[in-house]
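Peer 1: Quick one: this structure, given as structure tokens, is what I'll be asking you about.
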Amino acid sequence: MARVVVTGKIPSGGLERLKAEHEVTAWEKDDAISRAELLTMVAGADAIVSLLTEKIDDELLDAAGPQLKSVSNVAVGYNNIDVPACEKRGVLVTNTPGVLTEATADIAMALILMSTRRLAEGERVIRKQEPWQWGMFYMLGMGLQGRQLGIVGMGQIGIATARRAKAFGMNIAYTRRSPLEDNVVKELDAKYMSMDELIESSDVISLHCPYSPATHHLISENQFARMKKTAFLINTARGPIVHEQALVDALKSGEIAGAGLDVFENEPAVNPGLLELDNAVLIPHLGSATVETRAAMADIAATNALAILAGAQAPNLVTS
Ligand code: GLV
């Protein structure tokens, strides 16, 4: 029996599978664990099952001890984990790709619709009981049909978002580090573009790349200046890919038309400048937040942790 530490509440299926084979210490409260409690809890762990809100760095790995074998993130993004620090110690790192693709693409599409059709703004009018009346020119948005969606990072979630947008009549452009499979290019009639070309020519730009030092502030003042004044920026990836203050400035000055954000640079804090803007749609990191998806994520994290503890190959190993 190994000692498994689960750093936050996870759906019961995954948790029960871990408990069936190992001694599990799990954080049971709704509020996220504090750093001090986390450092105490991980001491002596053979495996850690972590949430994206927990920073797994040298300090935490030292607190866990040299017997630690694995860190299984219950998320597809793993920028909360210092992977080189884990590799240095021989600690394997896993994530949960695949199972949250559709749920996250749904949220990206929802944000595209919400921002281009001013849905949150409209809802606020009703809720605040402000006077309103149907009018020929009242609260007009931008139609999606024939518009270009530029996908930055055409991985699984980017492709799933493009599929949805194509069904709404959008044309698809994308950037990607490696060539996209021919059948996907064909299916989506997707056009490869350089980052500059994509930013300058897209009507909606949706971010789907992982967050890393290479993508820190990928979208900043310079990029906003090159975007169409009618463009919308959608972020369901990670907050710090966008320079949030530069986004506030671009939205305020009319350099771009709007933004739909599920993630923020200093989550859970949100730049106060965004709160004042009607052309920013803001939702609290809900990309993978469906009952089914969260259960599948916990299950995959458990599968990975159990495989490593059994000395088998984990299905979802990540490397730096
Ligand atoms: C969610 O943001 C994830 O990376 O799984």
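No lab work stands behind these numbers, since they all come straight from the coordinates. Please read these numbers as outputs of a predicted model, since none were measured by experiment. Counting neighbours? That spans all protein chains shown, and the Cβs are built from the backbone with ideal geometry, glycine included.
Peer 1: Do the sum for the chain: with -39,500 (n - 2.57) for every DSSP H run of n ≥ 4, divided by all residues, what is the mean residue ellipticity at 222 nm, to the nearest 500 deg cm²/dmol?
Peer 2: Mean residue ellipticity at 222 nm (helix-derived): -10500 deg cm²/dmol.
Peer 1: Still on this model: Please report how far the C-alpha centroid of the stretch 84-138 lies from that of the stretch 1-76, rounded to the nearest whole angstrom.
Peer 2: 28 Å
Peer 1: Taking 0.36 nm per residue of separation and subtracting the Cα-Cα distance, what length does fully extending residue 124 through residue 320 add? Spell out each step's value before the answer.
Peer 2: Working: separation 196, 0.36 × 196 = 70.56 nm, distance 4.34 nm.
Extra length available between residue 124 and residue 320 comes to 66.2 nm.
Peer 1: Indicate, rounded to the nearest 5 percent, the antiparallel portion of the DSSP beta bridges found entirely in the chain.
Peer 2: Looking only at bridges with both residues in the chain, the antiparallel portion is about 5 percent.
Peer 1: Let me ask something else about it. What do you get for chymotrypsin sites (Phe, Trp or Tyr not before Pro) in the stretch 179-235 restricted to DSSP loop and a cutoff of at most 13 other Cβ within 10 Å of the site's Cβ? Present the calculation step by step, with values, prior to reporting the outcome.
Peer 2: Working: sites: 192, 211, 224, 232; in loops: 211.
Loop-located and lightly packed - none at all.
Peer 1: Same structure again: With r defined as the distance between the Cβ atoms of residue 191 and residue 132 and R0 fixed at 30 Å, what FRET efficiency is calculated, to the nearest 0.05?
Peer 2: 0.15
Peer 1: Let me ask something additional. Name the helices (complete DSSP H segments) of the chain with a Cα length along the long axis of 15 Å or more and a Kyte-Doolittle mean of at least -0.5, or state none.
Peer 2: Values: long enough: 101-116 (22 Å, 1.11); 156-167 (17 Å, -0.11); 291-309 (27 Å, 0.99).
Helices meeting the span and hydropathy rule in the chain are 101-116, 156-167, 291-309.
Peer 1: Within the stretch 101-282, what percent of beta bridges assigned by DSSP are antiparallel, to the nearest 5?
Peer 2: Bridges in the stretch 101-282 are about 5 percent antiparallel.
Peer 1: Using the number of other C-beta atoms within 10 angstrom as an exposure proxy, rank 7, 116, 293 with the fewest first. Could you put the intermediate results ahead of the total?
Peer 2: Values: 7 26, 116 23, 293 20.
Final ranking by Cβ density, sparse to dense: 293, 116, 7.
Peer 1: List the pairs from 19/55; 191/228; 128/229; 55/88; 186/229; 29/88 whose alpha-carbon separation is above 22 Å, in the order I gave them.
Peer 2: On the way: 19/55 24 Å; 191/228 18 Å; 128/229 29 Å; 55/88 17 Å; 186/229 30 Å; 29/88 32 Å.
From the list (19/55; 191/228; 128/229; 55/88; 186/229; 29/88), the Cα-Cα distance tops 22 Å for 19/55; 128/229; 186/229; 29/88.
Peer 1: If contacts are Cα pairs under 8 angstrom and at least 6 residues apart, what is the relative contact order of the chain in percent? Write down the numbers at each step before the final one.
Peer 2: On the way: 615 pairs, mean separation 63.3, N = 320.
Taking the mean separation of contacting Cα pairs over the length of the chain, I get 20 percent.
Peer 1: Which one of 275, 309, 198 has the biggest mean-square fluctuation once the chain is modelled by GNM with Cα springs under 10 Å?
Peer 2: Highest fluctuation among the options: 275.
Peer 1: Output the relative contact order of the stretch 101-282, whole-number percent, from Cα pairs under 8 angstrom with separation of 6+ residues.
Peer 2: Numbers: 332 pairs, mean separation 38.6, N = 182.
21 percent.
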